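Let me begin by presenting the structure, written as structure tokens, before commenting on it.
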């Protein structure tokens, strides 16, 4: 079995900024997970299914075109989940459509929570650190163009690494 995920990577210089915030806030996963917007959370698939997954993701990316994500301010999933994140002020609907398309075919899986695109900045930290993260990132702003998404794999060391990038080919950020 392979533990995979699909995500939109946050580009530089924002990747380093958000990674630094996560480290400063004491998040134990800061060095293991690069800043991203999840399209498919951690999912176990048989290694033999990986070629079908890659074909599926190629098809999804082929039906989408670049769009803009604007990050603005902080949010939280508390009390449901001890997470603080940077919110999307623009690009939400494109992410929702991509998530739905990605989570179909060989990646069709039930979900525990409704999809809410975001960039995590604090998780697995104490309540005080969550409060600090929420306050410190309340004014955070970043804007970038999304030109594709990546297939990631969690290694034996628990770090996530990109296996492949899937560039968009056309379709308004929406699957055909």
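The values are calculated or read from the model by the stated rules, or taken from the named source; none is laboratory data. Bear in mind the structure is a predicted one, so any value in this text is a computation, not a measurement. Here Cβ is always computed from backbone atoms with ideal geometry, including for glycine, and neighbour counts include all displayed protein chains.
Applying the selection to the stretch 1-22, what residues are out of contact with any helix residue (DSSP H, G or I) (no Cβ under 8 Å at 6 or more places or on another chain) and surrounded by 18 or more Cβ atoms within 10 Å (Cβ to Cβ)?
Here is the first cut: in the stretch 1-22, the ones out of contact with any helix residue (DSSP H, G or I) (no Cβ under 8 Å at 6 or more places or on another chain) are 3, 5, 7, 11-20, 22.
Hits for the stretch 1-22 are 5, 7, 14, 18, 19, 22.
Please specify each residue of the stretch 141-161 satisfying the condition of being touching a strand residue (DSSP E or B) at 6+ places or on another chain (Cβ under 9 Å) and either surrounded by fewer than 14 Cβ atoms within 10 Å (Cβ to Cβ) or at pLDDT below 95 (or both).
Initial filter on the stretch 141-161 (touching a strand residue (DSSP E or B) at 6+ places or on another chain (Cβ under 9 Å)): 141-155, 160-161.
Within the stretch 141-161, 141, 143, 145, 155, 161 qualify.
Out of the residues in the stretch 114-130 meeting the condition of being in contact with a helix residue (DSSP H, G or I) (Cβ under 8 Å, 6 or more places away or on another chain) and within 17 Å of residue 146 (Cβ to Cβ), tell me which one is surrounded by the most Cβ atoms within 10 Å (Cβ to Cβ). Give the derivation first.
Within the stretch 114-130, the first condition is being in contact with a helix residue (DSSP H, G or I) (Cβ under 8 Å, 6 or more places away or on another chain), and the residues that meet it are 115, 117, 119-122, 125.
From what's left, within 17 Å of residue 146 (Cβ to Cβ): 115, 117, 119.
Values: 115: 17, 117: 20, 119: 26.
Filtering first and then ranking leaves 119.
What residue, of 133, 138, is surrounded by 18 or more Cβ atoms within 10 Å (Cβ to Cβ), at pLDDT 95 or above and over 30 Å from residue 58 (Cβ atoms)? Write out each step before concluding.
Numbers: 138 fails: surrounded by 18 or more Cβ atoms within 10 Å (Cβ to Cβ).
Just a single option satisfies the conditions, and that option is 133.
Where residues in the stretch 34-48 are closer than 18 Å to residue 147 by Cβ and in contact with a helix residue (DSSP H, G or I) (Cβ under 7 Å, 6 or more places away or on another chain), which of them is surrounded by the fewest Cβ atoms within 10 Å (Cβ to Cβ)?
Start the filter on the stretch 34-48 by keeping residues that are closer than 18 Å to residue 147 by Cβ, which leaves 34-39.
Adding the requirement that they be in contact with a helix residue (DSSP H, G or I) (Cβ under 7 Å, 6 or more places away or on another chain) leaves 34-35, 37, 39.
On the way: 34: 20, 35: 25, 37: 24, 39: 25.
The selected residue is 34.
Is at least one residue of the stretch 49-69 touching a strand residue (DSSP E or B) at 6+ places or on another chain (Cβ under 7 Å), surrounded by fewer than 18 Cβ atoms within 10 Å (Cβ to Cβ) and over 21 Å from residue 101 (Cβ atoms)? Spell out how you get there, then give the answer.
Applying the first criterion (touching a strand residue (DSSP E or B) at 6+ places or on another chain (Cβ under 7 Å)) to the stretch 49-69 yields 50, 53-54, 57-58, 61, 66-69.
Filter again for surrounded by fewer than 18 Cβ atoms within 10 Å (Cβ to Cβ), leaving 50, 54, 58, 66, 68.
Those still in the list that are over 21 Å from residue 101 (Cβ atoms) too: none.
Among the residues of the stretch 49-69, not one is touching a strand residue (DSSP E or B) at 6+ places or on another chain (Cβ under 7 Å), surrounded by fewer than 18 Cβ atoms within 10 Å (Cβ to Cβ) and over 21 Å from residue 101 (Cβ atoms), which makes the answer no.
Looking at residue 25 and the list (1) in contact with a strand residue (DSSP E or B) (Cβ under 8 Å, 6 or more places away or on another chain); (2) buried (at least 17 other Cβ atoms within 10 Å of the Cβ); (3) closer than 30 Å to residue 105 by Cα, which single condition is not satisfied?
Of everything listed in (1) in contact with a strand residue (DSSP E or B) (Cβ under 8 Å, 6 or more places away or on another chain); (2) buried (at least 17 other Cβ atoms within 10 Å of the Cβ); (3) closer than 30 Å to residue 105 by Cα, residue 25 misses just condition (3).
For the stretch 68-88, does any single residue satisfy the condition of being out of contact with any helix residue (DSSP H, G or I) (no Cβ under 6 Å at 6 or more places or on another chain), part of a helix (DSSP H, G or I) and farther than 18 Å from residue 5 by Cβ?
no
Every residue in the stretch 101-130 that is in a helix (DSSP H, G or I) and without any contact (Cβ under 8 Å) to a residue 12 or more places away in the chain, please. Steps first, please.
Of the residues in the stretch 101-130, the ones in a helix (DSSP H, G or I) are 101-102, 105-107, 127-130.
Of everything in the stretch 101-130, just one residue is in a helix (DSSP H, G or I) and without any contact (Cβ under 8 Å) to a residue 12 or more places away in the chain, namely 128.
Which residue pairs have Cβ atoms under 7 Å apart, sit 6 or more places apart or on different chains, and have a first residue in the stretch 146-159 that is under 21 Å from residue 92 (Cβ atoms) and a second that is in a loop (DSSP other than H, G, I, E, B)?
146/66; 146/91; 147/66; 147/168; 148/168
Surrounded by 20 or more Cβ atoms within 10 Å (Cβ to Cβ), in a helix (DSSP H, G or I) and in contact (Cβ under 8 Å) with a residue 40 or more places away in the chain: is that true of residue 98 in this structure? Full working, then the answer.
Working: surrounded by 20 or more Cβ atoms within 10 Å (Cβ to Cβ): yes; in a helix (DSSP H, G or I): yes; in contact (Cβ under 8 Å) with a residue 40 or more places away in the chain: yes.
Yes.
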